[in-house]
Amino acid sequence: MSKKVVIVGSGMAGSIIANGLARKLTRELDNGTAEIIVIGATDKHLYQPGLLYLAFGRTRESELVRNQRELLDKRIKFHVDPATHIDVDAKKVTTASGKVYEGNYLVIATGSRLVPESVPGLAEGAHNFYSVDGAKKMRDALKTFEGGKVVVNVNAPHKCPVAPIEITLMLRDYLKEKGVLEKSEITYTYPVGRVHAMEPVANWAAPEFEKLGIKAETLFNTKEVNVKKKTITSEEGTTLSYDFLVTIPPHKGQQVVEDSIPEAKGGWCPTDKTKLYLEGKTDVFICGDTTNIPISKAGSTAHFEADTIVDNIGSLIQEGTMARDYDGKVFCFIETGKDTGSYVWFNYTTPPNPGAPSKSVHRFKLAYNKMYWLSAKGLL
């Protein structure tokens, strides 16, 4: 009897898992004893980290988007049919067309969604680079910006842990290159009592900000944005005026997850941190932003988790047992300006320790941006 793997989500995590399983289960796919089904909401695949560069006009939309079908192994059955309900007990997925897909193993890799509307005025008053449209609007607005008060506002939770620092440092270099930095003032807000949730990263970033003249307002949990007055106010009572507001908007898990799984508060699935299955369901795996694991929601996290899930599902189908544990590995590049970069890596037992910025790391990051499509195909 054929073993079916149903993957909900066709972003980075879903694609890597599907392609990785296709290679690992080559014999089973060829003789009909295994089947891989991917259910996606769109026929396009977006390289999300590239939106940071789109916001500054350093890349084009066409370089960040590919046809999803072309990224998947031909033996994978791909359906553009958004999931409307996920039954984790029966391992069944109902889609918008009314079809139902059932598997022996279920993978939920649906990612996260932006919810700027949860803060009054934020969607209307602030730019963000977490979508193609948002990045393009920010790019166009920056072209006409001639200096003034810039606020980079960070909300939680959000994906890509170092993105707030990257956008701040890249924005400073952009204004300097444009010749309006001396007429500008940059203020960075963060919801906890330091400039980053990870203390080693905060200890590295705070002196960088100070050296570059970037002000920091910590313990700033956004209450509202007054679009007419161009002010942003925190729950703690601080009000800042702005001429240009950039936000890292709050995120939630996908609505279908929140509606289908009562335990998935905010759309984040309770996940075993080493086996990566839904707590209490050893045949339902969770990957990427969809987990509630208290580590970074980043592309590299999704990649390393996906590799573990590929090994484990492949081993379960072929040998009836799990292969290995996920150790919490995360690796993030940090753009520290327009032509320098750093990086940070950590896992469950090793704390992050950012490296010194250099042009070589920046160049390596740009090279990886080009190679991403090999990762999506499961080849890196």
* To do: Would you check if there is a residue in segment 320-338 being of a type outside the set (S, T, N, Q), out of contact with any strand residue (DSSP E or B) (no Cβ under 6 Å at 6 or more places or on another chain) and farther than 25 Å from I108 by Cα?
  => yes
Residue set A197, A202; condition closer than 27 Å to V361 by Cα and without any contact (Cβ under 8 Å) to a residue 40 or more places away in the chain; output residue A202
Those strands (runs of 3 or more DSSP E) completely within segment 1-100 that have 3 or more residues that are among the β-branched types (V, I, T), buried (at least 21 other Cβ atoms within 10 Å of the Cβ) and in contact (Cβ under 8 Å) with a residue 24 or more places away in the chain are 3-8, 34-40
*Test result for T301, touching a helix residue (DSSP H, G or I) at 6+ places or on another chain (Cβ under 9 Å), in contact (Cβ under 8 Å) with a residue 24 or more places away in the chain and either among the charged types (D, E, K, R) or outside the structural domain of E210 (by TED's automatic domain parsing) (or both)*: yes
Scanning segment 107-153 residue by residue, those of a type in the set (D, E, K, R) and free of Cβ contacts under 8 Å to residues at least 24 places away in the same chain turn out to be E117, D133, K137, D140
Answer yes or no as to whether K281 is more than 21 Å from the chain's Cα centre (by Cα), within 25 Å of Q48 (Cα to Cα) and among the basic types (K, R).
-> no
Within segment 200-246, restricting to residues that are among the acidic types (D, E) and under 30 Å from D140 (Cβ atoms), the one that is modelled with the lowest pLDDT is E208
Within segment 247-262, residues closer than 20 Å to G280 by Cα, touching a residue at least 12 places away in the same chain (Cβ under 8 Å) and assigned to a loop (DSSP other than H, G, I, E, B) come out as I261
Condition set under 14 Å from Q254 (Cβ atoms) and buried (at least 24 other Cβ atoms within 10 Å of the Cβ), scope segment 108-132, selection nearest to the chain's Cα centre (by Cα): answer is G111
When K275 is run through (1) surrounded by 14 or more Cβ atoms within 10 Å (Cβ to Cβ); (2) touching a Gly at 6+ places or on another chain (Cβ under 9 Å); (3) in a loop (DSSP other than H, G, I, E, B), the failure sits at (2)
Open item on the list: For segment 153-162, check the following and say yes or no: at least one residue is at pLDDT 95 or above, part of a loop (DSSP other than H, G, I, E, B), within 26 Å of the chain's Cα centre (by Cα) and crowded, with 18+ Cβ neighbours inside 10 Å.
Closed with: yes
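The values are calculated or read from the model by the stated rules, or taken from the named source; none is laboratory data. Computed from a prediction, not measured in an experiment: that's the story for all the values here. Note that we place each Cβ from the backbone using ideal geometry, even for glycine, and neighbour counts take in every protein chain shown.
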